[in-house]
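One structure is given below, encoded as structure tokens.
Every read-out reported here was derived from the displayed coordinates using simple, explicitly stated rules and does not represent laboratory data. Just so you know, these numbers come straight off a predicted model, no measurement behind them. As a convention, Cβ positions derive from the backbone with ideal geometry for all residues, glycine included, and neighbour counts pool all protein chains shown.
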Amino acid sequence: MSPSLAVERLKWSSLRAQVSAFAGLVLFGIALVWLYSFAIGLQWGFDDALNLSGLSAVSDHVGFLNFISGGVAGPTGRPVSLLAFIPDYQHWPNNPMGFVYGSLIWHGLNVALVFLVVFRLIPLSKTLKDVSPLSGALLVACIWGGLAVHASGILMPVQRMTHISAFFSLVCIALYLFWRGLPIDKAFHFRGVLLLFFSGTSFILSVYAKENGVVTVTYIALIELLLLSSSPRPVAKTWWKVLVYIALLAVPAAMLIMFQGSWMALFDDAPVYRRDFDHEQRLATQAVILWEYVRTIALPRVSSMGPYHDGHAIYGWGSILTWGAVLAWLVVIAISAVLAKKYRTGKVLLFSVLFFLAGHQIESSIILLELYFEHRNYMPALGGALLCVVVLFKLKKMLGSPIVPAVVLVAIMTLNLFSVQQVASIWGNPLAAAELWYREHPGSSRAVQMLAREYQKHGFLDAGVRVLDEFVEEGSEGRLDVAIQAVNLACYIESEETLEKRFEGLAVHIANLSNVSGISTSLGAFGNTVRRGQCVGISTPVYQRFLFELLESKRVANSKPILHHVYFELALTYEYTDQNDEYIHYMQESYRAYPSLTIAQKIAAELFQLRELDKAIAWLDEAIGYAPEGFQGSIWLRTLGSMRNALIDIKAATGG
């Protein structure tokens with residue numbers, strides 16, 4: 001065979017392999033869309049309305065700015081994620097499945113990015129030299145993309161934020177790896193600087209999509225330490241190690257600095273007013289939950305998966321289970337470290353373990369977030385997918401045959417994809433899903449509330465009230481959110497005397513209030529029922545007294561978002577009775593408790609309609625002082641400032 005013919009055949013073979021890989025990704029994406037289509041019929045999740053209701057007003061410029069700058073899901077407001085919801089505005093509020101298909105597009109893009117990252121990483125890493133770049137990248141992408149643990153994140157519309165953040169995190173890593181692949185002498189030439197610039201920009205976008213994107217720097221540090229340690233470095237070895245270790249420790253160091261001013265306050269009594277657990281208990285419980293995540297990733301159990309884990313057991317440092325979990329993590333890390341010194345596969349094992357833990361260093365540490373969400377494993381599970389593929393290639397090499405690795409691969413993919421289909425089918429039948437989730441998580445107030453809503457929707461009001469009452473009676477006395485929903489449903493079926501007695505019993509729950517996070521949803525629904533006159537015997541003044549009792553609770557006072565909702569409900573009751581001064585006062589208190597651009601504008605507009613121009617201008621001056629920092633704050637300042645200037649012009653024109 002002539003040399004030219006051999007070269008042509010090599011090129012054709014390479015092209016055919018690339019086309020095959022691309023086709024494989026496309027077919028895998030189509031399969032995922034089909035599997036998740038079994039969820040048609042699913043309902044909105046518990047945080048969807050809070051974060052997405054502003055979509056109904058994005059058809060104009062003001063509504064658009066209000067939506068992307070009004071995020072309440074995190075400190076940054078997550079404007080990048082909110083921007084990514086805009087194309088789905090036509091699906092709100094009647095088509096949650098439209099949001100799921102949108103999230104699947106982002107998930108598909110992430111699968112493609114995982115392929116690109118691994119495809120670029122393998123040739124750079126001597127640790128991964130036994131893995132074929134093209135087929136290895138394809139397998140990692142498909143194994144990771146098909147994990148059943150991702151299902152709840154995809155099927156909960158608001159959790160697209162996780163996918164958006166992961167998208168920019170993966171773009172950041174991919175661009176970084178392209179930079180690392182440049183010749184050493186060209187690393188800081190124009191092309192190299194451009195790659196670093198766009199990598200850094202992607203990192204920032206990842207953080208503004210969801211704050212957990214900051215752990216991208218840790219991911220890159222782990223890639224450097226364990227997978228690229230033998231690769232040529234763009235700067236002197238000593239300085240490079242310093243930079244890598246700074247990146248490795250950057251996130252935990254930033255967390256310590258953030259808490260430095262009030263470090264001791266982390267362990268005082270204040271946190272107990274916001275959650276059922278304090279910082280120490282959360283850290284102890286997370287040691288156990290991390291193992292539960294590993295089990296769910298490796299061996300998904302469909303019945304136990306879902307969105308409602310708020311009733312998870314809380315552990316302390318006096319628990320044997322806690323110390324057993326901590327010891328198990330230390331043993332796994334130690335064994336992995338020993339194996340990493342001798343074997344390349346051991347180094348990948350250590351990488352996957354540390355990558356998993358790094359991905360949880362914010363959401364599974366002392367910050368008082370909720371205890372358990374499956375979508376938190378979206379990026380952390382990637383290390384395990386890489387390890388799985390490395391082991392498959394190792395088996396093929398050891399056995400000299402691809403049969404056993406192929407059987408293992410088929411088993412892994414079949415288990416996960418079948419589980420995805422089962423999970424999607426459950427979500428597609430909300431009543432069956434509610435019954436299953438409550439049976440599996442009997443301590444979850446969200447699960448019992450969803451079950452009651454489904455019973456109400458199907459006309460089984462008695463059953464809805466019964467399950468709510470049983471939840472309260474079985475050791476959940478402080479769950480005011482559940483008790484309020486029970487009163488709300490009872491308004492439609494119980495007598496005036498029974499309702500009054502039930503309503504009076506809410507005072508007991510206020511005194512023993514254990515978790516305030518669920519009050520806002522049930523309180524809003526109950527308030528609407530009272531204001532419509534559909535709860536006989538519970539008048540608006542009676543409801544107002546109840547709200548004032550809530551304001552006296554230390555738990556409510558220490559939870560700014562809930563305080564915001566209670567003040568907002570008070571404002572609505574005064575609006576209903578045409579008491580404008582009180583309405584504006586409590587709207588302002590609601591804003592001061594938890595600032596919202598929409599509320600600031602609404603108050604100014606109300607004062608304008610009452611011809612109180614001076615008060616409206618003074619209010620906007622005060623409201624501007626609450627504007628957040630950064631991009632979100634700039635929109636607030638521009639919007640409120642423009643409104644203020646318009647009022648000043650009107651005042652000048654009217655001689656007011």
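What's the exposure ranking of 156, 398, 587, going from fewest to most Cβ atoms within 10 Å?
Values: 156 27, 398 10, 587 23.
Fewest-to-most Cβ neighbours within 10 Å comes out as 398, 587, 156.
What is the Å³ per residue value for the convex hull set by the Cα atoms of segment 17-94?
Roughly 137 Å³ of hull volume per residue.
Percent relative contact order of the chain, based on C-alpha pairs within less than 8 angstrom and at least six residues apart?
Reported relative contact order: 13 percent.
Output the lone cysteines of the chain: those with no second cysteine's C-beta under 4.7 Å from their C-beta.
142, 172, 388, each lacking another Cys Cβ under 4.7 Å.
Give the Cα extents of segment 430-594 along the principal axes, in whole Å, largest first.
Extents along the principal axes: 47, 33, 28 Å.
Cα centroids of segment 364-409 and segment 463-535: how far apart, whole angstrom?
Segment 364-409 and segment 463-535 have Cα centres spaced 45 Å from each other.
Taking 1 over the mean of 1/r across every pair of different Cα atoms in the chain, what Kirkwood radius in Å do you get?
It works out to 27.4 Å.
Between residue 337 and residue 132, 0.36 nm times their residue separation minus their Cα-Cα distance comes to what?
Additional length available on full extension: 71.3 nm.
What's the long-distance tail for segment 84-192, i.e. % of Cα pairs beyond 22 Å?
That tail contains 44 percent of the Cα-Cα pairs.
At 7 Å along Cα-to-Cβ for each site, give me the label-to-label distance between residue 201 and residue 398 in nm.
Each label point is offset 7 Å from its Cα along the Cβ direction, giving 4.6 nm.
How many angstrom lie between the Cα centre of segment 138-207 and the Cα centre of segment 95-111?
Computed from Cα coordinates, the inter-centre distance equals 18 Å.
Given the peptides 350-360, 529-539, 508-518, 144-154, arrange them by the average over their residues of other C-beta atoms within 10 Å, most packed first.
Highest mean packing first, the order is 144-154, 350-360, 508-518, 529-539.
Grab the beta carbon distance between residue 463 and residue 184, set R0 = 51 Å, and tell me the FRET efficiency rounded to 0.05.
Efficiency, from the Cβ-Cβ distance: 0.15.
Once the Cα atoms of segment 490-580 are picked out, what are the Rg and Dmax in Å?
12.9, 36
Say R0 is 22 Å: what FRET efficiency, to the nearest 0.05, do residue 365 and residue 511 get from their beta-carbon distance?
Here the calculated transfer efficiency is 0.10.
Which of rounded, prolate or oblate describes segment 550-656 when judged by the alpha-carbon gyration tensor and an a/c cut-off of 1.5?
oblate
Taking K and R as +1 and D and E as -1, what net charge do the other residues with C-beta under 14 Å from the C-beta of residue 570 add up to?
Taking every other residue near residue 570 into account, the sum is -4.
If you project the alpha carbons of segment 58-144 onto their three principal axes, what span does each projection cover, largest first, in Å?
55, 28, 19
Give me the percent of Cα-Cα pairs in segment 400-521 that sit more than 20 Å apart, rounded to a whole number.
Summing the P(r) of segment 400-521 above 20 Å gives 53 percent of all pairs.
Calculate the FRET efficiency for residue 22 and residue 411 from the Cβ-Cβ distance with a Förster distance of 25 Å, rounded to the nearest 0.05.
Computed FRET efficiency for residue 22 and residue 411: 0.45.
Only counting other Cβ atoms within 10 Å, I'd like 393, 198, 115, 568 sorted with the fewest neighbours first. Walk me through the numbers on the way to the answer.
On the way: 393 19, 198 16, 115 26, 568 23.
The fewest-first ordering by Cβ neighbours comes to 198, 393, 568, 115.
I'd like to verify something in the chain: which complete DSSP H helices, judged by Cα projection on the helix axis, reach 27 Å or more and average at least 0.0 on the Kyte-Doolittle scale?
Within the chain the helices that satisfy the rule are 3-36, 96-124, 160-180, 190-209, 237-260, 279-298, 320-342, 403-427, 630-654.
Apply the a/c threshold of 1.5 to the C-alpha gyration tensor of segment 146-209 and tell me whether it is rounded, prolate or oblate.
oblate
Could you compute the net charge surrounding residue 354? Neighbours are other residues with a C-beta less than 14 Å from the C-beta of residue 354; K and R count +1, D and E count -1.
With Lys, Arg at +1 and Asp, Glu at -1, the neighbours total 0.
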